[in-house]
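Comments concern the structure below.
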Amino acid sequence: MTSTAPLIVVSGPSGVGKSTVVAEVLRQYPDIWLSVSVTTRDPRPGETDGVEYFFASDHEFDQLITHDGLLEWAQFAGNRYGTPRAAIDEHRDRGQPVLLEIEVQGARQVRQAVPDATLIFIAPPSFEVLESRLVGRGTEDPQARAARLEAAQAEMAAAREFDHVLVNADVQGCASALIDSAGLSGNR
Ligand code: 5GP
């Protein structure tokens, strides 16, 4: 018998709309706790330390790795991203479902570390849609966007490793499918 609450990992290429779908899931299920990752990338305008991410220097990130403070971490498009371990355990032990929104290499590490985690992949309706979403949101310069699109090719190939693959054609539909796939329908 396991006493811990579910761990749900949501992954998929940059620009697929993961954050929007996750925000809708949290709106419907406020009991779910969304992990706040640590990253070495610079904050975007409007991002606040401790809210979207904990923004860290390379040295601080190294320290977290050395002290085994991260459940998983990965290099993505020139920056490092990681999931703080302690907060995940605290929330799960308290009975609160935990959701991670991370890229594919990190999802693989979670699969190894937490075999009962549910891994959900969000795919775009097509690669062209993904490209136009990334251009449209305008958060990256052309070089950073190219790095993300290159990463997206590799990430799409990893979809079959996940427990569930959901196509994000519309936010509401994808959020509902995610809730069903994660077995959370009873948590409303
Ligand atoms: P962004 O820079 O657009 O916020 O995030 C870039 C990518 O890193 C996204 O695919 C996002 O899901 C992923 N990411 C965010 N936090 C983490 C994390 O803690 N670990 C890993 N492996 N990926 C993360």
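Checking each residue of segment 133-143 against the condition of being buried (at least 19 other Cβ atoms within 10 Å of the Cβ) and more than 9 Å from the ligand (Cβ to nearest atom) gives at least one match.
Which ones in segment 151-171 are within 18 Å of the chain's Cα centre (by Cα) and exposed (fewer than 13 other Cβ atoms within 10 Å of the Cβ)? Those that are within 18 Å of the chain's Cα centre (by Cα) and exposed (fewer than 13 other Cβ atoms within 10 Å of the Cβ): Q153, A154, A157, R160. Annotation: A87 fulfils all but one of (1) within 30 Å of P45 (Cα to Cα); (2) more than 12 Å from the ligand (Cβ to nearest atom); (3) in contact (Cβ under 8 Å) with a residue 24 or more places away in the chain; the unmet one is (2).
Selection over segment 116-125 of residues that are open to solvent by 20 Å² or more (accessible area, probe 1.4 Å) and closer than 18 Å to T20 by Cα gives a count of 1.
Residues of segment 47-80 that are in contact (Cβ under 8 Å) with a residue 40 or more places away in the chain and touching a helix residue (DSSP H, G or I) at 6+ places or on another chain (Cβ under 7 Å): L71, E72, F76, A77, G78, R80.
Does P97 satisfy the condition of being within 15 Å of the chain's Cα centre (by Cα) and away from the ligand (no atom under 14 Å from the Cβ)? Criteria met by P97.
Rundown of residues vs (1) closer than 21 Å to P115 by Cα; (2) small (G, A, S); (3) without any contact (Cβ under 8 Å) to a residue 60 or more places away in the chain, yes/no style:
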| residue | (1), (2), (3) |
| --- | --- |
| G136 | no, yes, yes |
| E140 | no, no, yes |
| A144 | no, yes, no |
| A147 | no, yes, no |
| F162 | yes, no, no |
| A169 | no, yes, yes |
| G173 | no, yes, yes |
| L178 | yes, no, no |
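Taken residue by residue, segment 155-164 has at least one member that is acidic (D, E), in contact with a strand residue (DSSP E or B) (Cβ under 7 Å, 6 or more places away or on another chain) and more than 20 Å from Y81 (Cβ to Cβ).
The values are calculated or read from the model by the stated rules, or taken from the named source; none is laboratory data. As the structure is a computational prediction, the values presented were derived from the model and not from experiment. Every residue, glycine among them, receives a Cβ derived from its backbone with ideal geometry; neighbour counts consider all protein chains shown. When the accessible area is computed, the model is the full protein with side chains, heavy atoms only, and any ligands, DNA or RNA have been set aside. Shrake-Rupley method; radii C 1.70, N 1.55, O 1.52, S 1.80 Å.
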